[in-house]
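The values are calculated or read from the model by the stated rules, or taken from the named source; none is laboratory data. Quantities reported herein were computed from a predicted structural model and do not represent experimental measurements. When we count neighbours, we look across all protein chains shown, and the Cβ atoms used for this are built from the backbone with ideal geometry, even at glycine. Accessible surface is based on the protein model in full, side chains and every heavy atom, while ligands, DNA and RNA are left aside. Shrake-Rupley method; radii C 1.70, N 1.55, O 1.52, S 1.80 Å.
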Amino acid sequence: MAKKQFVREEVYKSDKEGSSTISFVVNVYQDRKDKEKIWVVSKDILNPTEINNHVESVNYHPKMFQRLREVLIKEGRWREE
């Protein structure tokens with residue numbers, strides 16, 4: 001399945017005086033071997049970061065995993081097998 005880049009959007013904007021907002025693109029990919037693992041990547045900003053659905057893992061973030069999974073399903077990029 002070809003990689004697809006998400007649209008750049010403003011995620012958070014501070015209302016504090018003198019502050020600035022940084023916007024960047026984040027790409028989300030399902031792991032090819034482990035379907036219960038998702039990678040979050042952003043060029044020059046965020047190294048590949050694992051988010052998984054394994055209870056014993058330090059990267060276990062079930063709510064984030066579920067939300068990212070829903071995004072991938074909506075984009076037609078989630079695989080069950």
## Note on the structure
(1) under 18 Å from Gly76 (Cα atoms); (2) in contact with a Lys or Arg (Cβ under 7 Å, 6 or more places away or on another chain); (3) open to solvent by less than 40 Å² (accessible area, probe 1.4 Å) all hold for Val40 apart from (2)
### Query
Which members of the range 59-69 meet the condition of being open to solvent by 100 Å² or more (accessible area, probe 1.4 Å) and closer than 14 Å to Val28 by Cβ?
Arg67
### Query
Are any residues in the range 46-58 free of Cβ contacts under 8 Å to residues at least 12 places away in the same chain and either over 9 Å from the mean Cα position of the chain (by Cα) or open to solvent by 60 Å² or more (accessible area, probe 1.4 Å) (or both), and if so, which ones?
Asn47, Pro48, Val55, Glu56, Ser57, Val58
### Message
Could you check the range 42-73 and list, in sequence order, the residues that are aromatic (Phe, Trp, Tyr) and not in a helix (DSSP H, G or I)?
### Response
Tyr60
### Query
If you go through the range 9-27 one residue at a time, do you hit one that is assigned to a loop (DSSP other than H, G, I, E, B), at pLDDT below 95 and on the phi > 0 side of the Ramachandran plot?
yes
